[in-house]
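Peer 1: Quick one: this structure, given as structure tokens, is what I'll be asking you about.
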Amino acid sequence: MTGSPMPPAGPAGPDLAAQLRAALPGLRGRLEADAPMAPLSWFRTGGRADILFVPEDEADLALFLAGAPPELPVLVVGLGSNLLVRDGGVRGAVIRLGRGLSQIAVEPGCRVRAGAGAPDVKVARAAAEAGIDGLAFLRGIPGAVGGALRMNGGAYGGETKDVLVEARALDRAGRSVVLSREAMGFGYRRSAAPADLIFTEALFEGRPGDPASILAAMAVITDQRSSTQPVNTRTGGSTFKNPPGAKAWELVDQAGCRGLRIGDAQVSEMHCNFLVNLGHATAAEIEGLGEEVRRRVRETSGIELDWEIKRVGEPA
């Protein structure tokens with residue numbers, strides 16, 4: 001790292017961004033103060049971040065982490081498909097893993113190496129076109145590789161743990177860490193990897209297959225999603241995790257919540273484990289609707305639904 005030592009964390013927003021720019025003259029990525037978060041979430045709602053950093057690549061991210069104050073709160077986001085940003089915004093730094101960390105490369109042995117910012121659907125397609133079977137389920141996950149690693153993303157009978165060889169990450173000091181599949185500690189929609197690690201890359205392994213057959217299977221997934229889920233709306237994907245032995249959408253439906261609305265936030269009438277923003281919903285309305293659904297399900301079934309959507313930031 002070059003430049004003068006980073007001073008202790010100062011005021012949020014412009015002052016902190018200016019300190020970081022001064023301390024890290026080699027930084028190549030976009031560093032923005034008081035950045036709107038709504039465009040980064042599929043719900044298209046929420047407040048602003050004190051600072052937003054979009055690294056150019058893994059080395060750029062490592063430089064930022066090495067120079068940022070260790071006490072600076074850091075939130076990592078990808079495509080924002082499973083994210084609800086509260087109306088009061090996010091304190092500290094938001095790191096968005098975008099194009100600079102979205103490379104995809106096919107390797108020998110039916111392996112695919114993908115950056116944490118790569119959309120899952122693009123990884124699935126690259127594998128299919130290379131005749132690598134076993135990764136088609138990624139077509140059904142509307143997120144990026146980093147989120148799939150953190151949450152053991154899965155769909156249509158497959159999970160990340162089924163195909164992962166290893167994941168690479170950076171710690172808060174910018175040091176590289178490699179975790180085997182076993183070290184990830186995968187469970188249902190979760191991993192046990194340390195929360196302060198920022199994933200940068202994954203290595204997946206499938207098995208030999210016929211490209212045409214794999215692409216046909218992916219087309220079926222695409223059709224199923226479009227016919228059963230509100231894929232072209234402002235939504236956050238599956239809202240609640242499936243409880244053991246039950247399906248969240250059935251519990252929501254049985255509780256009479258299909259189409260339930262608070263302001264411009266609504267339980268989807270197409271798939272009632274999805275919440276949708278009808279146009280101008282606040283994050284508070286969306287979260288409040290989710291909590292009302294949880295209350296009604298608890299009253300009717302005795303089951304406590306757990307959020308699958310990641311809710312971040314502060315209330316207005």
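The values are calculated or read from the model by the stated rules, or taken from the named source; none is laboratory data. Keep in mind that this is a model prediction, so the values were computed, not measured. In this analysis, Cβ positions are derived from the backbone assuming ideal geometry, glycine residues included, and neighbour counts consider all displayed protein chains. Surface accessibility is based on the protein's heavy atoms, side chains included, excluding ligands, DNA and RNA. Shrake-Rupley method; radii C 1.70, N 1.55, O 1.52, S 1.80 Å.
Peer 1: Taking the alpha-carbon distance from K241 and a cut-off under 13 Å, which aspartates and glutamates remain once sequence neighbours fewer than 8 residues away in the same chain are dropped?
Peer 2: E250, E304, D306, E308
Peer 1: Once you sort the root eigenvalues of the Cα gyration tensor of segment 68-177 as a ≥ b ≥ c, which label holds: rounded (a/c under 1.5), prolate (a/b larger than b/c) or oblate (the other case)?
Peer 2: On the way: a/c = 2.41, a/b = 1.66, b/c = 1.45.
Verdict is prolate for segment 68-177.
Peer 1: Just to be sure I follow: if Rg is taken over the C-alpha atoms of segment 162-316 and Rh is the Kirkwood radius over the same atoms, what is Rg/Rh?
Peer 2: Answer for segment 162-316: 1.04.
Peer 1: What is the percent carbon and sulfur in the accessible area of segment 10-159, measuring with a 1.4 Å probe over the protein chains and ignoring ligands?
Peer 2: C and S atoms contribute 54 percent here.
Peer 1: How big is the accessible area of W42 in square angstrom, nearest 10, if you roll a 1.4 angstrom probe over the protein chains?
Peer 2: 90
Peer 1: When only DSSP loop residues count, what GluC sites (Glu not before Pro) in segment 223-290 have their Cβ near at most 11 other Cβ atoms within 10 Å?
Peer 2: Filter output for segment 223-290: empty list.
Peer 1: Residue farthest toward the positive end of the dipole of the chain, with Cβ of Lys/Arg at +1 and Asp/Glu at -1: which of Y188, M151, V293?
Peer 2: V293
Peer 1: So which residue, out of S268, S238, S227, gets the largest mean-square fluctuation from a GNM of the chain using Cα contacts under 10 Å as springs?
Peer 2: Comparing S268, S238, S227 in the GNM, the peak value goes to S227.
Peer 1: Report the label-to-label distance for Y156 and R175 in nanometres (one decimal), using points 7 Å from each Cα along the Cα→Cβ vector.
Peer 2: Result: 4.1 nm between the two label points.
Peer 1: About the Cα centre of the chain, how large is the charge dipole given +1 on each Lys and Arg Cβ and -1 on each Asp and Glu Cβ? Please answer in debye to the nearest 20.
Peer 2: 100
Peer 1: Could you give the accessible area per residue of the chain, probe 1.4 Å, as a whole number in Å²?
Peer 2: It amounts to 43 Å² per residue over the chain.
Peer 1: Working with all protein chains in place, sort H280, H271 by solvent-accessible area computed with a 1.4 Å probe, largest first.
Peer 2: Largest accessible area first, the residues go H280, H271.
Peer 1: What is the extension gain from E32 to A195, computed as 0.36 nm multiplied by their sequence separation minus the C-alpha to C-alpha distance, in nm to one decimal?
Peer 2: 56.3 nm
Peer 1: Can you tell me how much longer the chain between R298 and S226 gets when fully stretched, taken as 0.36 nm per residue apart minus their C-alpha distance, in nm with one decimal? The partial results should precede the final answer.
Peer 2: Working: separation 72, 0.36 × 72 = 25.92 nm, distance 2.96 nm.
Contour length minus Cα-Cα distance gives 23.0 nm.
Peer 1: Restricting attention to segment 182-259, which trypsin sites (Lys or Arg not before Pro) occupy a DSSP loop and are surrounded by at most 13 other Cβ atoms within 10 Å? Write out the running numbers ahead of the final one.
Peer 2: Values: sites: R189, R190, R225, R234, K241, K247, R258; in loops: R189, K241, K247, R258.
Sites meeting the loop and neighbour criteria: K247.
Peer 1: What are the principal axis extents of the Cα atoms in the chain, in Å, biggest first?
Peer 2: The Cα atoms of the chain stretch 60, 51, 30 Å along the principal axes, largest first.
Peer 1: Right, another one. Mind checking the full-extension length gain between Y188 and D210? Use 0.36 nm per residue of separation minus the Cα-Cα distance, one decimal, nm.
Peer 2: Roughly 5.0 nm would be gained on extension.
Peer 1: Set the Förster radius R0 to 30 Å, insert the Cβ-Cβ distance between L278 and E56 as r into 1/(1 + (r/R0)^6), and round the FRET efficiency to 0.05.
Peer 2: 0.20
Peer 1: Quickly estimate the mean residue ellipticity at 222 nm for the chain, helices only: each DSSP H run with n ≥ 4 gives -39500 (n - 2.57), and the total goes over all residues, rounded to 500.
Peer 2: Working: 8 runs with 85 residues, N = 316.
-8000 deg cm²/dmol, from helical runs alone.
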